[in-house]
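Down below is the structure, laid out as structure tokens.
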Amino acid sequence: MLSDVDLREVLSTGELVITPFSEEMIRAAGITLHLSPTLLVPQPGVVVDLKHGTVPEHETVTISGEEPYRLEPGGFVLGATFERVTVGASLGFFIEGRSTLARVGLTIVQTAMLVYPGHRDRGVTLELANHGPNPILLYPEMKVARAAVFRLETEAAELYDDKGKYREQGSVGPPIFRNEFRRRE
């Protein structure tokens with residue numbers, strides 16, 4: 001995992017690019033990221049079926065400082081980082097929630113915490129869920145996540161945005177189901 005010194009180095013060489021960026025985002029072993037103003041709210045009423053690619057419709061909501069999103073207990077929305085991120089072939093990072101938010105029940109990653117080498121110039125999708133007993137207001141540009149950056153032992157031969165299924169989504173997007181089952185030989 002990269003330290004604050006290492007993070008400044010990979011940011012200066014362009015191995016990691018974060019836009020917009022400010023020095024205050026760097027922590028001892030990570031980088032603070034903020035919430036984008038665009039959220040996708042899954043609509044109830046369908047059975048999710050991976051085999052047939054059935055997913056719920058999503059309502060796009062734009063939040064502001066005057067009109068935050070009220071995430072109810074048990075609620076779930078998709079969001080993204082405010083920052084656009086490019087990860088070089090020799091790096092990857094784990095995105096995780098902030099302890100302060102977790103203490104009120106907000107998680108920002110359910111399982112998809114790894115950002116692969118080759119993620120290029122776009123936000124990182126966040127899976128925001130309220131596991132607490134109280135509603136939580138979500139504001140744009142609030143500190144929502146930390147990235148713990150690591151260096152690979154060798155550069156990745158396959159970069160995410162060359163073949164990854166979400167590479168076409170410029171920001172937050174709905175789930176895509178394809179090839180979700182083990183192939184039988």
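The values are calculated or read from the model by the stated rules, or taken from the named source; none is laboratory data. As the structure is a computational prediction, the values presented were derived from the model and not from experiment. Cβ placement follows ideal geometry from the backbone for every residue including glycine, while neighbour counts extend to all protein chains displayed.
Filtered by the rule that a residue be closer than 18 Å to residue 41 by Cα, of a type outside the set (Asp, Glu) and in a strand (DSSP E or B), the range 118-153 gives 125, 126, 128, 129, 130, 136, 137, 138, 144. Evaluated against (1) loosely packed, with under 12 Cβ neighbours inside 10 Å; (2) modelled with pLDDT of 95 or more; (3) acidic (Asp, Glu), residue 49 falls short on exactly one condition, (2). Scanning the range 86-117 for residues that are in a loop (DSSP other than H, G, I, E, B), touching a strand residue (DSSP E or B) at 6+ places or on another chain (Cβ under 9 Å) and among the small types (Gly, Ala, Ser) returns 88, 90, 105, 112. A Cβ distance below 9 Å, combined with a sequence gap of six or more or placement on separate chains, defines the contacts here; from the range 1-28, residues that are of a type in the set (Lys, Arg) reach residues that are surrounded by fewer than 15 Cβ atoms within 10 Å (Cβ to Cβ) in the pairs 8/23; 27/4.
Just to verify a result, which residue in the range 29-43, among those that are under 12 Å from residue 149 (Cβ atoms) and aliphatic (A, V, I, L, M), is surrounded by the most Cβ atoms within 10 Å (Cβ to Cβ)?
Step one: list which residues in the range 29-43 are under 12 Å from residue 149 (Cβ atoms), which gives 29-31, 33.
Those left that are additionally aliphatic (A, V, I, L, M): 29, 31, 33.
Details: 29: 14, 31: 23, 33: 25.
So the residue we want is 33.
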